[in-house]
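Okay, so here's the structure we're looking at.
Where a number appears in this text, it was derived from the coordinates with a stated rule and is not lab data. All values derive from a computational prediction rather than experimental measurement. Note that we place each Cβ from the backbone using ideal geometry, even for glycine, and neighbour counts take in every protein chain shown.
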Amino acid sequence: MTDAIYEEARIYPTDKRGQRELTALLEKEGIRRDGNLEYTLGLYDQDYRLVATGSYYKNTLRCLAVDSAHQGEGLLNRVVSRLMELKADQGELHLFLYTKCGKVPFFRDLGFGEIARVEGLTAFMENRRDGFSRYLAGLKAQSRETGGTAAAIVMNANPFTLGHRWLVEQAAARCDLLHLFVVTEDASLVPFPVRERLVREGVADLPNVLVHQTGSYMISSSTFPSYFIKDQGDVIQAQARLDLQVFQRIAGALGISARFVGEEPFSQVTAIYNRIMAEELPKEGLRCVILPRREESGAPISAS
C-alpha cells in the first residue's frame with residue numbers, strides 16, 4: 001500500500017463520530033485519551049475508517065497511534081511529519097514528545113534525541129539532538145564560580161508568596177550559590193512572565209541567588225502525558241523520576257549538591273514527589289532537604 005490511498009483530515013472536538021473512532025483506535029492500541037489536545041490529525045482509508053492519528057498540545061506531540069493492521073506502512077512517520085509541519089507554520093520549531101522506551105529508535109530516525117527515560121515506562125525526547133546540551137551550556141554561562149557549595153530550588157510560584165520567599169531565604173543561607181528555577185510552562189493561573197518578574201523582584205536583595213527559566217525541560221503535572229501508562233500511581237512516579245533524571249543532569253552541569261523543597265501537607269502529588277526525591281537524589285550524591293512551610297496564625301502561608 002502507498003500513502004496516496006489514505007486521506008488526511010483534522011478531527012474536531014465537535015465531530016462526535018470522529019471522536020468515537022479516535023477513542024476506539026487509541027484504546028485498541030493500549031493508549032488512554034489525553035486530556036490536553038489542541039489539534040488532532042487523522043488518516044483514513046478508502047472506506048473512511050480511521051487508521052492512524054496524532055495530536056499536539058502546545059509544543060508536545062502526543063496520542064500517536066497506528067492501527068495494528070496498518071503498521072509497517074509508514075503512517076506514523078507521515079502523521080508526525082505533518083504535525084511538525086503544522087507547528088512550523090505557527091513558528092514552533094522546537095518540539096517534544098513522550099513515548100514508550102521501545103519506540104525510541106523510531107523517533108531517533110525522525111530526528112528526535114532522547115533527553116531522559118524511566119526504564120520500562122517512558123522516554124522524553126526533543127527534535128533538536130543538541131537542544132538539552134545547549135540549554136545546559138546556557139545555564140553554565142549564566143552561572144558563576146563561588147568556590148563553595150551550590151544548591152537548587154524549582155518552583156512554579158503561582159504567584160510568588162511570602163512562603164516562597166521564606167523557602168528561598170532558608171536555602172540561600174545554607175549554601176554559597178542558590179540556583180532558583182522558575183517553571184516556564186504557562187499552565188498556571190498567573191502567566192509565566194508575571195511569575196518570573198515577581199520571583200526576580202522578590203529575591204533581588206539576595207546576592208547569592210540566581211534565577212533561571214526551566215524552559216520545556218522540567219515537566220508540570222498538567223502537561224505530563226500519561227496516556228500510555230495505565231496505573232495512576234505509575235503516572236506520578238514516572239513524572240517524578242523523569243523530572244529527577246533531567247534535574248540530575250542540570251545538577252551535574254552546575255555543580256549542584258543539594259535540592260531544597262518545601263513540605264507540602266495538602267497536595268498528595270507533591271508529597272509523592274518529595275518522597276521520591278528523598279529516596280532517589282542521595283543515590284546520585286545529591287542531598288534532598290525538605291523544609292517545613294512557614295506558618296502564619298498556625299496555618300501554612302498560601303497564595304490566597
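Before moving on, here are some points about what is shown:
- Fully extended contour minus Cα-Cα distance, from Lys140 to Ala204, at 0.36 nm per residue: 21.0 nm
- Stretching Ala24 away from Thr149 to a fully extended chain increases their span by 39.7 nm, per 0.36 nm per residue minus the current alpha-carbon distance.
- Between Val190 and Ala271, the contour length at 0.36 nm per residue exceeds the alpha carbon distance by 26.9 nm.
- Annotation for region 68-152: GluC sites (Glu not before Pro) lying in DSSP loop with at most 12 further Cβ atoms inside 10 Å of their Cβ are Glu119, Glu145.
- This model, with +1 at the C-beta of Lys and Arg and -1 at the C-beta of Asp and Glu, gives region 17-160 a dipole about its Cα centre of some 300 debye.
- Under 28 Å from Lys140, Cα to Cα: lysines that are on another chain or at least 8 residues apart: Lys58, Lys283
- Backbone geometry of region 151-168 corresponds, through the Karplus equation with coefficients 6.51, -1.76 and 1.60 at θ = phi - 60°, to 3J(HN,Hα) couplings of 9, 9, 10, 10, 9, 7, 6, 10, x, 6, 10, 4, x, 4, 4, 5, 4, 4 Hz, x marking Gly and Pro.
- Each of Leu93 and Arg32 was given a label point 7 Å from its Cα along the Cα-to-Cβ line. The distance between the two points is 3.7 nm.
- Bins of 10 Å, starting at 0 and running to the largest distance - Cα pair percent for region 57-192: 10, 28, 30, 20, 9, 3, 0
- A Förster radius of 45 Å, combined with the Cβ-Cβ distance separating Gln170 from Leu110, puts the computed FRET efficiency at roughly 0.50.
- Using a Förster distance of 35 Å, the FRET efficiency for Arg49-Lys283 (Cβ separation, nearest 0.05): 0.10
- Across region 11-19, rounded Karplus estimates of 3J(HN,Hα) from the backbone phi angles (6.51 cos²θ - 1.76 cosθ + 1.60, θ = phi - 60°) give 9, 7, x, 7, 7, 5, 5, x, 5 Hz, Gly and Pro being marked x.
- Taking the convex hull of the alpha carbon positions in the chain and averaging its projected area over all directions gives 17.3 nm².
- 5 angstrom amide H check on His212, placed H, neighbours 5+ away: Leu180, Phe181, Val182
- For region 191-196, Karplus couplings with θ = phi - 60° (6.51, -1.76, 1.60), whole Hz, Gly/Pro x: x, 4, x, 6, 4, 5
- Near Ile11, the amide H atoms lying under 5 Å from its own belong to Thr40, Leu41, Gly42; only residues 5 or more places off or on other chains count, and H is placed 1.01 Å from N.
- Amide proton proximity set for Phe96, modelled H, under 5 Å, gap of 5+: Thr60, Leu61
- Reducing region 40-98 and region 201-216 to their Cα centroids gives an inter-centroid distance of 38 Å.
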